[in-house]
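**Q** This is the structure, below, for whatever I ask next.
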Amino acid sequence: MSKTSMRRLQEKILEVMKFIDKICREHNIVYYIMGGTALGAIRHGGFIPWDDDLDIFMTTDNYTKFRKVFSEYKNEKFVLQEWKIVDKYLEYAKVRMNGTTLIEEAFLNRKDMHHGIYVDIMILHKCPNKLLVQKSMYYASKYVTLVALSKRNWKPKNSKQKLALLFLKILPNKFLSNQCYKLIYKYNSLKIDYSYCYFITKAKFSQGVFSYEIFKEAIDVVFEDTVLMGPIDIKSYLKIRYGNYMQIPSKEEQDVAIHAAIFDTEVGYENYISDL
C-alpha cells in the first residue's frame, strides 16, 4: 500500500473515530485509545505511519451505555457491528462507515457482513488481584480467541497451531466458550482490590494486566488534528504492553500491521463482494 493510499485510509478511519468521540463526550461515556493507537499517539502524534487500524477500549458499563446511545442516534452513515461466539457475551465491536470498503483477508469469503472502514471497540475487563484467577482468565481468553479465529478462515502458522485447531473439532466449543466468557465477565462489578485486564490479543500474560491507577480516569491525548481519550497513565500502559515502546520496529514487523486486503475510501463494499 502506498503512503498516499494509507494516508487516505487513515483519514477516513479518523472520521469514524471522531463520530465515536462526539457521542462519548456528549453522553459522558469513557473510552481509552489502546494498542497501536495509543502507541502511535505517543510515538508519532497520531497514526503509526504504516498502520491501517484504530482501536479503543471500553469497560462493559461504558459499552452498554454507548450501544444504547448509538442506536438512538439513528445516523445513516455509521453502523455498529458486534462480534460474538455465544449470544450473551460480546467479543468485540466495530463501528463501520457506510459507502466505504475495508475487507480483511480473513473475511474475503464473507458476503453476508458489512465491510465498511471501521474502528474497533475492545472490552476492558476487571480482574481480582489474585494471580490464580488472572491466569484462569488469561487461558479462558486464549481459548475463546482460538475458537473465534477458527471461524474466520484463520491460517495457522506452525504445527502447534494446526494441532490446536484439530483439537477444537472434538470439543463442545459453544458450551466451553460460554463458560469461559462467564469467567471473563464475572468480575466487572468489582469496586475494590482489582486490576484491569485484556488478554484477547497475541500478548503474553504479563502484557495484559494493568493496575487500576493506569485507567482510573481518561485524559485528552493529541491524535492527528484532534484529541482522543486515553488512560491517565498511558506511558505505563505502553511500557507493560510493548516494553521499549519508542523503538521503531523492523520493516518486516511493519508489514504485519496491514489489515486491509481490499479498501476503498469512496466506494461501498457492496460493489466488491460479488467478486469475492
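The values are calculated or read from the model by the stated rules, or taken from the named source; none is laboratory data. Since we're looking at a predicted model, the values are computed, not measured. So basically every Cβ, Gly included, is an ideal-geometry build from the backbone, and we count neighbours across all protein chains shown. Only protein heavy atoms, including side chains, enter the accessible area calculation; ligands, DNA and RNA are left aside. Shrake-Rupley method; radii C 1.70, N 1.55, O 1.52, S 1.80 Å.
**Q** Pick from ASP61, ASP112, ASP87: which is among the charged types (D, E, K, R), modelled with pLDDT of 95 or more and either surrounded by 16 or more Cβ atoms within 10 Å (Cβ to Cβ) or outside any strand (DSSP E or B) (or both)?
**A** Numbers: ASP112 fails: modelled with pLDDT of 95 or more; ASP87 fails: modelled with pLDDT of 95 or more.
The unique qualifying residue is ASP61.
**Q** Follow-up question, since we're still on this one. Step by step: first the residues of the stretch 64-84, then only those that are within 23 Å of THR145 (Cα to Cα) and at pLDDT below 95, then the one that is least open to solvent (accessible area, probe 1.4 Å). Which residue is that?
**A** Residue satisfying both the conditions and the ranking: TRP83.
**Q** Here's another thing I want to ask about it. Check ALA140 against each of (1) at negative phi; (2) out of contact with any strand residue (DSSP E or B) (no Cβ under 9 Å at 6 or more places or on another chain); (3) open to solvent by 30 Å² or more (accessible area, probe 1.4 Å) and name the one condition it does not meet.
**A** Of (1) at negative phi; (2) out of contact with any strand residue (DSSP E or B) (no Cβ under 9 Å at 6 or more places or on another chain); (3) open to solvent by 30 Å² or more (accessible area, probe 1.4 Å), only one is false for ALA140: (3).
**Q** So, one more: Among the residues of the stretch 42-52, is there at least one that is under 30 Å from LEU183 (Cβ atoms), open to solvent by 20 Å² or more (accessible area, probe 1.4 Å) and hydrophobic (A, V, I, L, M, F, W, C)? Give the derivation first.
**A** Let us first name the residues in the stretch 42-52 that are under 30 Å from LEU183 (Cβ atoms), namely none.
No, there is no match, as no residue in the stretch 42-52 is under 30 Å from LEU183 (Cβ atoms), open to solvent by 20 Å² or more (accessible area, probe 1.4 Å) and hydrophobic (A, V, I, L, M, F, W, C).
**Q** Now, a different point. For the stretch 149-157, does any single residue satisfy the condition of being surrounded by 15 or more Cβ atoms within 10 Å (Cβ to Cβ) and in contact with a strand residue (DSSP E or B) (Cβ under 7 Å, 6 or more places away or on another chain)?
**A** no
**Q** Here is a follow-up. Of all helices (runs of 4 or more DSSP H) completely enclosed by the stretch 162-276, which ones contain at least 3 residues that are modelled with pLDDT under 95 and open to solvent by 50 Å² or more (accessible area, probe 1.4 Å)? Write out each step before concluding.
**A** Values: elements: 173-185, 234-242, 251-255, 270-273.
Correct list: 251-255, 270-273.
**Q** Hey, does the stretch 25-36 have a residue that's open to solvent by 60 Å² or more (accessible area, probe 1.4 Å) and modelled with pLDDT under 95?
**A** No; the residues of the stretch 25-36 include none that is open to solvent by 60 Å² or more (accessible area, probe 1.4 Å) and modelled with pLDDT under 95.
**Q** Quick test for you: out of LYS251, LYS239, pick the one residue that is more than 27 Å from LEU90 (Cβ to Cβ) and in contact with a Phe, Trp or Tyr (Cβ under 8 Å, 6 or more places away or on another chain).
**A** That would be LYS239, the only listed residue that is more than 27 Å from LEU90 (Cβ to Cβ) and in contact with a Phe, Trp or Tyr (Cβ under 8 Å, 6 or more places away or on another chain).
**Q** May I ask you to list the residues in the stretch 115-137 that are polar (S, T, N, Q) and either touching a residue at least 60 places away in the same chain (Cβ under 8 Å) or open to solvent by less than 10 Å² (accessible area, probe 1.4 Å) (or both)? Give the steps one after another, and end with the answer.
**A** Within the stretch 115-137, the first condition is being polar (S, T, N, Q), and the residues that meet it are 129, 134, 136.
Answer for the stretch 115-137, where residues must be polar (S, T, N, Q) and either touching a residue at least 60 places away in the same chain (Cβ under 8 Å) or open to solvent by less than 10 Å² (accessible area, probe 1.4 Å) (or both): ASN129, GLN134.
**Q** Among residues belonging to the stretch 25-64 that are over 25 Å from ARG241 (Cα atoms) and not charged (D, E, K, R), point out the one that is nearest to the chain's Cα centre (by Cα). Don't jump to the end; show me each part of the working.
**A** Narrowing the stretch 25-64 to residues over 25 Å from ARG241 (Cα atoms): 25-28, 64.
Still in the list and also not charged (D, E, K, R): 27-28, 64.
Working: HIS27: 22, ASN28: 21, THR64: 16 Å.
Among those residues, the one meeting the criterion is THR64.
**Q** Let me ask something else about it. Can you confirm whether THR145 is closer than 30 Å to LYS18 by Cα, open to solvent by less than 40 Å² (accessible area, probe 1.4 Å) and over 18 Å from the mean Cα position of the chain (by Cα)?
**A** Values: closer than 30 Å to LYS18 by Cα: yes; open to solvent by less than 40 Å² (accessible area, probe 1.4 Å): yes; over 18 Å from the mean Cα position of the chain (by Cα): no.
No: the conditions fail for THR145.
**Q** Also, I was wondering about something else. Tally up the residues in the stretch 100-109 that are part of a loop (DSSP other than H, G, I, E, B) and open to solvent by less than 40 Å² (accessible area, probe 1.4 Å), please. Write out each step before concluding.
**A** At the first step, the residues of the stretch 100-109 found to be part of a loop (DSSP other than H, G, I, E, B) are 100, 108-109.
Filter once more, keeping what is open to solvent by less than 40 Å² (accessible area, probe 1.4 Å): 100.
Residues that pass the stated criteria total 1.
**Q** Just the residues that are β-branched (Val, Ile, Thr) and more than 18 Å from the chain's Cα centre (by Cα), please, taken from the stretch 206-241. Steps first, answer last, please.
**A** Kept after step one, since they are β-branched (Val, Ile, Thr), are these residues of the stretch 206-241: 209, 214, 219, 221-222, 226-227, 232, 234, 240.
The answer is ILE214, ILE219, VAL221, VAL222, THR226, VAL227, ILE232.
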